[in-house]
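The values are calculated or read from the model by the stated rules, or taken from the named source; none is laboratory data. The structure presented is a predicted model; accordingly, all values stated were derived computationally and were not measured. Backbone-built Cβ (ideal geometry, glycine too); neighbour counts: all protein chains shown.
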Amino acid sequence: MDPRTELMLNLTRRQLLSQGIHAAGAAALATIAGGRTAFAGDSAAAGPNASPQRKGGLPGLPHHAPTAKRFIYLFMNGGPSQMDLFDYKPEMDKLFDKDLPDSIRQGQRITTMTSGQSRFPIAPSKFKFAQHGKSGRWVSELLPHTSQIVDDLAFMYSVNTNAINHDPAVTFIQTGRELPGWPSLGSWLAYGLGSETEDLPNYVVMTPTWSAKRPAQAIYSRLWGSGFLPPNLQGVALRAAGDPVLFLKDPPGVDKATRRTMLDGLAKLNEMHFEAAGDPETEARIAQYEMAFRMQSSVPELTDLSKEPQHVLDMYGPDVAKPGTFAASCLLARRLSERGVQCIQLFHRGWDQHGNLPGDIGHQCRDVDQPVRGLIEDLKQRDMLKDTIVVWGGEFGRTIYCQGGLSRENYGRDHHPRCFTMWMAGGGIQGGRSIGMTDDFSYNVVKDPVKIADINNTLLHCLGIDNRRLSIKHQGLDARVTGVEQYRLLKEFLA
């Protein structure tokens, strides 16, 4: 049989289209790279600002000299109450239990959890605030440790988002879309910049325990998925209890040498399949098996805190010795950063406080307050904060009006996407600065609104990426992590 005919008979329609796309992509890359195709791991094709240790990534990246090598995203899942933590609104105390004026609400949509209420009474924060640092930043008594590092932090008081419910709001922050199936921020970075570590994943996620006395919102692994990017770029979750990663240990009766022999044989079979089918998923599978084998040694060493000096452990607080806590996860984030991991995210759940907010938010703040300070100061002492961006925030804020029963000592708050507070630090971000302002009710932005796309774009910029030039054709769009909306660079924060 004619080999061309035989090949066509063996190809499925999907494989034919896939191979055609890859061939066209290779030709385009060859044109961009001056007549030669740049492959993952080809250091000669990397941009002039690239690290010589970087493996993989796209040719020509970083686009410009980066100010950061990595980021640590501290995500407070559920929506922290901005007016109880950072957005000080003393005038609200005079309006206790008064109805929120229609001129402030302006017909804004509300969730079904409060849409049935006959009134929307104002619930002032019961917590005391004080100014701290040279910047004079107002911080709640709930965060005594964070208040000591405010001059290292750049605050955004006017963040706003589209979604009013948790899952689309978190998905929007992670991927630039409210619908599932799109690549996460960490996957985009791994795709564009490659990796500087071979023994650990480039993108690591932790979901530490929380102390609020109520069930937390569900969280899904697709939030750190790679979407239509290669599957080896998805985040790897370190578990809060038991083995940090499942199936890293060799099965009973299988030693390391046997395991290596098995993987070598499996790799040969997968390579034969790739030559026959040309499916890039096969190469991703080979890479994942090899990473898992290397992680058998690297992960136990990573999670062994016995060699950490006592004064460092003390910085993170008493919970640092308890595996799976936020404190232990922050220390692991620093250790991951030292080992070349580029993208680290901590999802701390339990911030969805529709009722008994004063009691629950106190537990949550005790979980995170000292560890956050410990992480910032630990990075500074190691001269790592200058090239590590730390981001703190949730998916939206909370309402000034009360959900459920209201008293001076107890109240709840509903979801509020119109304004909330986040902060950034390190990696080219100038501490002590701030952007934005809200009205007296912490309900509407009145100065310098900040969108999620602005934050993600600024994060990418500090990592050396021009967001306009990091995209993939997908469903007829130039898909990128900022989605399709307009965005800006937060130049006010850049050092």
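Data for the structure
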| read-out | value |
| --- | --- |
| Subset of region 132-189 [crowded, with 22+ Cβ neighbours inside 10 Å, out of contact with any Asp or Glu (no Cβ under 7 Å at 6 or more places or on another chain) and among the aromatic types (Phe, Trp, Tyr)] | Phe155, Trp182, Trp188 |
| Residue in region 461-484 that is within 20 Å of Phe75 (Cα to Cα) and assigned to a strand (DSSP E or B) present | no |
| Among the candidates Ser147, Ser158, residue that is at pLDDT 95 or above and either in a helix (DSSP H, G or I) or under 24 Å from Ala216 (Cβ atoms) (or both) | Ser147 |
| Cβ pairs under 8 Å, 6+ apart, first in region 477-493 and more than 19 Å from Phe155 (Cβ to Cβ) and surrounded by fewer than 14 Cβ atoms within 10 Å (Cβ to Cβ), second among the basic types (Lys, Arg) and modelled with pLDDT of 95 or more | Glu485/Lys451 |
| Check on Tyr443, outside any strand (DSSP E or B), over 22 Å from the mean Cα position of the chain (by Cα) and crowded, with 16+ Cβ neighbours inside 10 Å | yes |
| Considering residues of region 467-476 that are under 17 Å from Gly192 (Cβ atoms) and without any contact (Cβ under 8 Å) to a residue 60 or more places away in the chain only, the residue surrounded by the fewest Cβ atoms within 10 Å (Cβ to Cβ) | Lys473 |
| Sole residue being modelled with pLDDT of 95 or more, under 15 Å from the mean Cα position of the chain (by Cα), among the charged types (D, E, K, R) and surrounded by fewer than 24 Cβ atoms within 10 Å (Cβ to Cβ), chosen from Arg349, Arg408 | Arg349 |
| Residue match in region 251-267 (condition: modelled with pLDDT of 90 or more, small (Gly, Ala, Ser) and at positive phi) | no |
| Gly116, sole failed condition from (1) touching a residue at least 24 places away in the same chain (Cβ under 8 Å); (2) surrounded by fewer than 24 Cβ atoms within 10 Å (Cβ to Cβ) | (1) |
| Candidate set: region 157-169, residues that are among the hydrophobic types (A, V, I, L, M, F, W, C) and under 17 Å from the mean Cα position of the chain (by Cα); chosen: the one farthest from Ala495 (Cα to Cα) | Ala169 |
| Among (1) at pLDDT below 95; (2) part of a helix (DSSP H, G or I); (3) of a type in the set (A, V, I, L, M), the one test that Leu305 misses | (2) |
| Criterion violated by Glu198 - all others in (1) part of a loop (DSSP other than H, G, I, E, B); (2) in contact (Cβ under 8 Å) with a residue 12 or more places away in the chain; (3) out of contact with any strand residue (DSSP E or B) (no Cβ under 6 Å at 6 or more places or on another chain); (4) farther than 21 Å from Ser337 by Cβ satisfied | (4) |
| Conditions (1) buried (at least 22 other Cβ atoms within 10 Å of the Cβ); (2) of a type in the set (Phe, Trp, Tyr); (3) more than 21 Å from Ala154 (Cβ to Cβ): number failed by Phe420 | (3) |
| Candidates Leu357, Leu379 - the one that is at pLDDT 95 or above and under 29 Å from Ile104 (Cα atoms) | Leu357 |
| Entirely in region 47-140, the strands (runs of 3 or more DSSP E) that have 3 or more residues that are under 27 Å from Ala190 (Cβ atoms) | 70-76 |
| Residue count, region 323-348 (criterion: outside any helix (DSSP H, G or I), among the polar types (S, T, N, Q) and either in contact with a strand residue (DSSP E or B) (Cβ under 9 Å, 6 or more places away or on another chain) or more than 27 Å from His415 (Cα to Cα) (or both)) | 2 |
| Odd one out for Gly192 among (1) under 23 Å from His461 (Cα atoms); (2) part of a loop (DSSP other than H, G, I, E, B); (3) out of contact with any helix residue (DSSP H, G or I) (no Cβ under 6 Å at 6 or more places or on another chain) | (2) |
| Odd one out for Met384, checked against (1) among the hydrophobic types (A, V, I, L, M, F, W, C); (2) under 17 Å from the mean Cα position of the chain (by Cα); (3) surrounded by fewer than 23 Cβ atoms within 10 Å (Cβ to Cβ) | (2) |
| Contacts under 6 angstrom Cβ, first residue in region 55-82 being within 23 Å of Leu336 (Cα to Cα), partner of a type in the set (Ser, Thr, Tyr), 6 or more apart | Lys55/Ser195; Gly56/Ser195; Arg70/Ser337; Arg70/Thr388 |
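Yes/no matrix, rows are residues, columns are (1) part of a helix (DSSP H, G or I); (2) of a type in the set (Lys, Arg); (3) within 24 Å of Lys69 (Cα to Cα):
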site: Gly350; (1), (2), (3): no, no, no
site: Gly359; (1), (2), (3): yes, no, no
site: Lys380; (1), (2), (3): yes, yes, yes
site: Trp392; (1), (2), (3): no, no, yes
site: Arg398; (1), (2), (3): no, yes, no
site: Leu406; (1), (2), (3): no, no, no
site: Asn410; (1), (2), (3): no, no, no
site: Arg418; (1), (2), (3): no, yes, no
site: Trp423; (1), (2), (3): no, no, yes
